[in-house]
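The values are calculated or read from the model by the stated rules, or taken from the named source; none is laboratory data. All values derive from a computational prediction rather than experimental measurement. Every residue, glycine as well, gets a Cβ built from its backbone with ideal geometry; the counts of neighbours run over all protein chains shown.
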Amino acid sequence: MNHTLADVLQISALIVALALVHRPLGDYMAAVYSSRTHLRAERWVYRAIGADPDAEMRWPSYLRAVLAFSAVGVLFLYAFQRLQDRLPLSLGFDPIPPDQAFNTAVSFVSNTNWQSYAGESAMGHLVQAGGLAVQNFVSAAVGLAVAIALVRGFARFRTGELGNFWSDLVRGTIRILLPIAALAAVVLVALGAVQSFAGPQEVQTLTGAAQQIPGGPVASQEAIKNLGTNGGGFYNANSAHPFENPGGLSNLLEIFLLLAIPFSMPRTFGRLVGNVKQGYAVVAAMGVIWLAGVIAVTVVERQAPGTASQLAGGSMEGKEQRFGEGASSLFAVSTTMTSTGSVNSFHDSYQGLSGGVLIFGMVLGEVAPGGVGSGLYGMLIMAVIVVFISGLMVGRTPEYLGKKLRPREIKLAACAILITPALVLTGTAVAMALPDGEEAMTNAGPHGFSEVLYAYASAANNNGSAFAGLGADTGFFNTTLGFAMLLGRFLPMVFVLALAGSLAQQQPVPVTAGTLRTHRPLFAGMLVAGTVVVAGLTFFPALSLGPLAEGLAV
Amino acid sequence: MSTSTPVRPETAAGPPRSGRSAPGARTAHGVFDPRLLWASLPEAFRKLDPRLMISAPVMFVVEIGSVLTTVLAATDPGDWFGWTIAAWLWLTVLFANLSEAVAEGRGRAQADSLRRARTDTVARRLTHGGEERVPGTALAVGDRVVCEAGDVIPGDGDVVEGVASVDESAITGESAPVIRESGGDRSAVTGGTRVLSDRIVVRVTARPGDTFLDRMISLVEGAARQKTPNEIALNILLASLTIVFLLAVVTLQPFAVYAGAEQSLVVLTALLVCLIPTTIGALLSAIGIAGMDRLVQRNVLATSGRAVEAAGDVSTLLLDKTGTITHGNRQAAGFRPAAGVREADLAEAALLSSLADETPEGRSVVALATDRHGLPARRRDQVPDAAWVPFTAQTRMSGVDTGTLRVRKGAAGAVTAWVTGLGGTVPGAVLGAVEAISGQGGTPLLVAEDRAGAARVLGVIHLKDVVKDGMRERFAELRRMGIRTVMITGDNARTAEAIAAEAGVDDFLAEATPEDKMALIKREQAGGRLVAMTGDGTNDAPALAQADVGVAMNTGTSAAKEAANMVDLDSDPTKLIDIVQIGKQLLITRGALTTFSLANDVAKYFAIIPAMFAAAYPGLDHLNIMGLSSPESAILAAVVFNALIIVALVPLALRGVAYRPLGADRMLRRNLGRYGIGGLIAPFIGIKLIDLLLSLIPGIG
């Protein structure tokens, strides 16, 4: 079987699987968030945290709950790491230094999972499973909750109420993430991923030397790592490690897991606003961008120049032999465009232009299809901007899903899309202006610049993957990237929730023949163009000095 | 595509106006006059004042850039590049100001001619037992003034005594005088208009300086212009894009330093100005002013830009039946002969009997008989030996006696009495036809003859309220635009239904009282729909105020005009449809130029980025797909294009993009193709051409 056919078949299989799961999963999530009953387990949680799950919240209360919950999460994780040596199951590791502990705490609470540490040689089992893995669930559930709140803003009229954060959080965790993750973990174990609480095993290698091979609750973390678009691996090598990702099939499953919820959220959105076609337009826009990225990176990697590359059927540097170029490229694009950040190959080693596509996938704002929840709300914000401009062109005050886009809505949407580009560009500029940036690079020239740009693009957009090559465990990077993650996650949420509140208060504008129809292919096309052009215009100069300069130098 | 819409793209050949020719002096043409550019130049310079510029954030950034590059050029006076960039940045700002000044200038021309009408009048104020002469400006609300033939009415008010013909051409441009009389719906007079005959007493209803004329002047001058909600929203979006590009350019320097290609501030400023949405930023206020102006050219005055915008959003139109949808008078529409009578005979008899009927109905019967049935037109003196019986309100019949033949035509009851009085009978079938016509909301007229003593009924004439030509098409057009039309009428439900079906309106409100109208508006608004309506009477005032777009007829009462947010000087209720289209056109122009402006950036990047960095990273020269001759000429070409495109688009901004009543999908596809794809391609061509010209200059290429 030639490479092209293999790549096409693999991508097609993935798309078919996603298409099959998109409807039932999307409908299920819609049902979960509009259900009126509580499970017994959920009641226990509500009683324990003292929350009334049926009390409707207006946007300020919803936001306060999101921020308070996340702040507690950061403090808790920070303390956990700092006190690791005094806790059980520490495997004898030292406490994490303050800057790294801050970075890691923020990283996991913001659903970024940027790891400036090497998992297997720094974190004990309790921190991994009781701290980081818990955040893998709840940080994803927070993203889902905010997205659902925004969808309710579109779906509801003449009310300021957006639902209840605690109930959304608990339901997202218990009814959506936990069961799917559990099922996926079992399948991963069956496919060869390890799952234990044992300490490291000592083995004799072929050369006779002794080697410590650490095990742990890998498969369970692997499942939620991808499902929740977290990305923080148990091992430093992440999904390239054979214990995390044993082979081709597990690889495909992991890619499927990281795309499943983000690609199903538009269906949930369509269900909740009462018109599934609206969801189709959004998912189509996401899918087109993602597929274009996959094709671009696969082609560039396959066509890599050089004798060695051509003999190997493409550029194999930094890729696992058991995955090859196709599966690696597919994983790389999927992980950068979903804000996951798990990797099965090293993005630093990709061709210059491929690296550009990966960075571009992140600076799009993680919307194609984006993170769990965050992808949908990011894309809906983009849709608001696109509706505003295209709505004018049909001669009416623009409206989306029966909501008028007035100055207040545009102000909030514009602020929301302003934040991450600002963080990425200023972060990178500060790092480049100070000696810290250049000192951390392991490559010179445009590639070195790409490493720094990638780091801030990844942090501010809550992706969490690294271009590798950058020695980012320094006080400077831990701190600045930490703030980029924190602000990149929670500032947009402020505006998203405020927008939701503003939308929910409106009375519906009836649809007429003069209304811009936002479920048509034309609109999906405009959404693609708008997303790509806005990010493209913002980042073209920066990208031209990194990936483009490198990629076009041939 | 129907061409019946009166919103036509105005061309240099002179716009065909809706209905009538406007007085040349008052309405500046919709087309772009290059001479206006020169005339507006001083104003454009005056607008460079930063305190004025700050209201347009995008252009404010350009102005700061201009100052910055000028200072930089001054520190290095030998640098021709810095000077040239600085000059073109100043031109960019100037062009933006020019577009606004031109738009305002056209309004000012209109204001001036209005102001001429407001000459210093002397008012004859009534005092107890006499009158005194006071300046018009000294009048207070409630004063009563006398105006006689030749007097200029000193202020807005209502006629409380007398009736007079008034020349309102100063306001409306319509030279035919109008009648103003006390009481009723024709009592309002406007300051500045002239009494042509008779004597009236006017009670002043507006303070001097706050009259209708004053408000009109300040509106067309743009003095009262406030940013509309949509304009504010767009400004926010443009400002945030400006911030993004500012960040992209400011952060570029450290990246460039690392790459070993540190950029001069002049180049960075040039890049910034090219990227921020200057095209739409420059033209935004001109678009708004021009939108108001287009209304004024159609003789509609809006009290705020907000109302114009709301007009584009209207989804329900309330239209009065009489005068708007129908001609308002009953006309003969058909003959229904009785059994045994040929239709031609009935038509002949109807014609004969109507020659003595000078009412519009009577004339319409004659017209129907001659036009539709081909009967020769006859004058009364062509009928020999005739004794004419004219129509009177008492007999309710008209007819003629000629020899032994007597013919009568008239109301069913009167003619029935006439026939039975002569011993004839009315057949049941005819009575059935009479019933049927009444049932459809029409009016039946009977035609009968008495030929040598034998009286009989010949048949029935069907009179009905005739729907104006082309209304059906217009309503269909509105439906395609997503606008529902509701006909308002005082007729009973059956009549209303018949006319509604004939005119093709979507719904009707029969036996409508002002309260019903109000309730209908509120109901529509509760459903989120924006409602537009016209009205002229005092009892329309609450509904006019409640409607999102209320258009008062200029002939209406001052209460109606006060409550409305637009006044139609022509008093043409169908104008409402034009107003909606103007509102839409305004929004489309904004959206189209925003799209165009953003799409332009792609080409500018392809010009400037390789020019900046190809020296450091030769691979980036692959991005120079336009093959521009040198880095300096590339950057300069982008800046020059950026400035010139503003001037090139001023006519479009003032005229508005061509509008056709299409559904949203087709409209979007059309505008997106034109301004999105066009905006993507045009600068590639433009920049290349400018670069070619620049490369001819020695030292650049």
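Taking the range B:462-488 as the range and being among the hydrophobic types (A, V, I, L, M, F, W, C) and in a loop (DSSP other than H, G, I, E, B) as the test, the residues that pass are B:M481, B:I483.
The number of residues in the range A:267-319 that are over 26 Å from A:N344 (Cβ atoms), in a helix (DSSP H, G or I) and not hydrophobic (A, V, I, L, M, F, W, C) comes to 8. Kindly list the number of the only condition in (1) of a type outside the set (F, W, Y); (2) surrounded by 16 or more Cβ atoms within 10 Å (Cβ to Cβ); (3) at positive phi that fails for A:G92. Going through the list (1) of a type outside the set (F, W, Y); (2) surrounded by 16 or more Cβ atoms within 10 Å (Cβ to Cβ); (3) at positive phi, A:G92 breaks only (2). Applying the set (1) out of contact with any Asp or Glu (no Cβ under 9 Å at 6 or more places or on another chain); (2) crowded, with 23+ Cβ neighbours inside 10 Å to B:I625 leaves exactly one unmet item: (2). If you go through the range B:619-634 and keep only what is within 12 Å of chain A (Cβ to nearest Cβ) and either farther than 17 Å from B:P683 by Cα or in a helix (DSSP H, G or I) (or both), you end up with B:G619, B:L620, B:D621, B:H622, B:L623.
So that you can scan it fast, the table gives a plain yes or no per residue for (1) modelled with pLDDT of 85 or more; (2) assigned to a loop (DSSP other than H, G, I, E, B); (3) surrounded by 22 or more Cβ atoms within 10 Å (Cβ to Cβ):
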| residue | (1), (2), (3) |
| --- | --- |
| B:D112 | no, no, no |
| B:E132 | yes, no, no |
| B:V145 | yes, no, yes |
| B:D185 | no, no, no |
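Each residue in the range B:560-575 was checked for being surrounded by fewer than 24 Cβ atoms within 10 Å (Cβ to Cβ) and among the hydrophobic types (A, V, I, L, M, F, W, C), and 2 pass.
Restricting the search to helices (runs of 4 or more DSSP H) fully inside the range B:218-295 and requiring at least 3 residues that are surrounded by fewer than 22 Cβ atoms within 10 Å (Cβ to Cβ), free of Cβ contacts under 8 Å to residues at least 40 places away in the same chain and within 10 Å of chain A (Cβ to nearest Cβ) gives B:229-250, B:252-258. Residue count for the range B:64-100, restricted to those that are under 48 Å from the mean Cα position of the chain (by Cα) and without any contact (Cβ under 8 Å) to a residue 24 or more places away in the chain: 6. Suppose the filter is modelled with pLDDT under 95, of a type in the set (S, T, Y) and buried (at least 24 other Cβ atoms within 10 Å of the Cβ); does A:Y377 pass it? Criteria not met by A:Y377.
Among the residues of the range B:538-558, those identified as surrounded by 24 or more Cβ atoms within 10 Å (Cβ to Cβ), of a type in the set (A, V, I, L, M, F, W, C) and part of a helix (DSSP H, G or I) are B:A543, B:L544.
Residue under question is A:V496, and the condition is that it be within 23 Å of the chain's Cα centre (by Cα), at pLDDT 95 or above and surrounded by fewer than 22 Cβ atoms within 10 Å (Cβ to Cβ); does it hold? When the stated conditions are applied, A:V496 does not pass them. Scanning the range B:552-606 for residues that are closer than 19 Å to B:L319 by Cβ, of a type in the set (G, A, S) and within 8 Å of chain A (Cβ to nearest Cβ) yields one hit, B:G583. Using the structure shown, decide if A:L522 is at the interface with chain B (Cβ under 7 Å from one of its Cβ atoms), touching a residue at least 24 places away in the same chain (Cβ under 8 Å) and in contact with a Leu (Cβ under 8 Å, 6 or more places away or on another chain). Criteria not met by A:L522.
Applying the selection to the range A:446-464, what residues are part of a helix (DSSP H, G or I) and either modelled with pLDDT under 90 or more than 10 Å from chain B (Cβ to nearest Cβ) (or both)? Spell out how you get there, then give the answer.
From the range A:446-464, those part of a helix (DSSP H, G or I) are A:446-460; that's our starting set.
The answer is A:H447, A:S450, A:E451, A:Y454, A:A455, A:Y456, A:A457, A:S458, A:A459, A:A460.
Residues checked against (1) out of contact with any strand residue (DSSP E or B) (no Cβ under 7 Å at 6 or more places or on another chain); (2) surrounded by 18 or more Cβ atoms within 10 Å (Cβ to Cβ); (3) away from chain A (no Cβ under 14 Å):
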residue	(1), (2), (3)
B:H462	no, yes, yes
B:G470	yes, no, yes
B:E473	yes, no, yes
B:A476	yes, no, no
B:M481	yes, yes, no
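Restricting attention to the range B:346-372, and to residues there that are polar (S, T, N, Q) and under 15 Å from B:T443 (Cβ atoms), which single residue is nearest to the chain's Cα centre (by Cα)? Only one residue fits best here, namely B:S364.
State whether one or more residues within the range B:413-436 are out of contact with any Ser or Thr (no Cβ under 6 Å at 6 or more places or on another chain), of a type in the set (S, T, N, Q), surrounded by fewer than 16 Cβ atoms within 10 Å (Cβ to Cβ) and within 25 Å of B:D385 (Cα to Cα). Among the residues of the range B:413-436, not one is out of contact with any Ser or Thr (no Cβ under 6 Å at 6 or more places or on another chain), of a type in the set (S, T, N, Q), surrounded by fewer than 16 Cβ atoms within 10 Å (Cβ to Cβ) and within 25 Å of B:D385 (Cα to Cα), which makes the answer no.
Of note, B:A377 satisfies the criterion of being without any contact (Cβ under 8 Å) to a residue 60 or more places away in the chain and among the small types (G, A, S).
Just to be sure before I move on: is B:A611 buried (at least 22 other Cβ atoms within 10 Å of the Cβ) and within 14 Å of chain A (Cβ to nearest Cβ) in the structure I sent? Talk me through it step by step, then tell me what you get.
Numbers: buried (at least 22 other Cβ atoms within 10 Å of the Cβ): yes; within 14 Å of chain A (Cβ to nearest Cβ): yes.
When the stated conditions are applied, B:A611 passes them.
Annotation for the range A:385-394: at least one member residue is within 20 Å of A:G488 (Cα to Cα) and either touching a strand residue (DSSP E or B) at 6+ places or on another chain (Cβ under 8 Å) or within 14 Å of chain B (Cβ to nearest Cβ) (or both). Note on the range B:326-356: among residues that are out of contact with any strand residue (DSSP E or B) (no Cβ under 8 Å at 6 or more places or on another chain) and closer than 24 Å to B:W388 by Cβ, the one that is surrounded by the most Cβ atoms within 10 Å (Cβ to Cβ) is B:L351.
When A:L392, A:L401 are checked against the criterion of being surrounded by 21 or more Cβ atoms within 10 Å (Cβ to Cβ), at positive phi, over 24 Å from the mean Cα position of the chain (by Cα) and not small (G, A, S), A:L401 stands alone in meeting it.
Considering only residues in the range A:406-443 that are more than 8 Å from chain B (Cβ to nearest Cβ) and not in a helix (DSSP H, G or I), the one that is farthest from A:F539 (Cα to Cα) turns out to be A:T442. Candidates are the residues of the range A:282-303 that are touching a Pro at 6+ places or on another chain (Cβ under 8 Å) and among the small types (G, A, S); the one that is nearest to A:L330 (Cα to Cα) is A:G287. Being among the hydrophobic types (A, V, I, L, M, F, W, C) and closer than 24 Å to B:L530 by Cβ is the filter here; which residues of the range A:495-509 pass it? Answer for the range A:495-509, where residues must be among the hydrophobic types (A, V, I, L, M, F, W, C) and closer than 24 Å to B:L530 by Cβ: A:L499, A:L503, A:A504, A:V509. In the range A:537-554, the residues that are under 15 Å from B:F245 (Cβ atoms) and more than 7 Å from every other protein chain (Cβ to nearest Cβ) reach residues that are aliphatic (A, V, I, L, M) and in a helix (DSSP H, G or I) with C-beta atoms within less than 6 angstrom, at least six apart or across chains, in these pairs: A:F539/A:V363. Tell me whether the range A:365-372 contains one or more residues that are assigned to a helix (DSSP H, G or I) and either at pLDDT 90 or above or farther than 23 Å from A:R489 by Cα (or both). No, there is no match, as no residue in the range A:365-372 is assigned to a helix (DSSP H, G or I) and either at pLDDT 90 or above or farther than 23 Å from A:R489 by Cα (or both).
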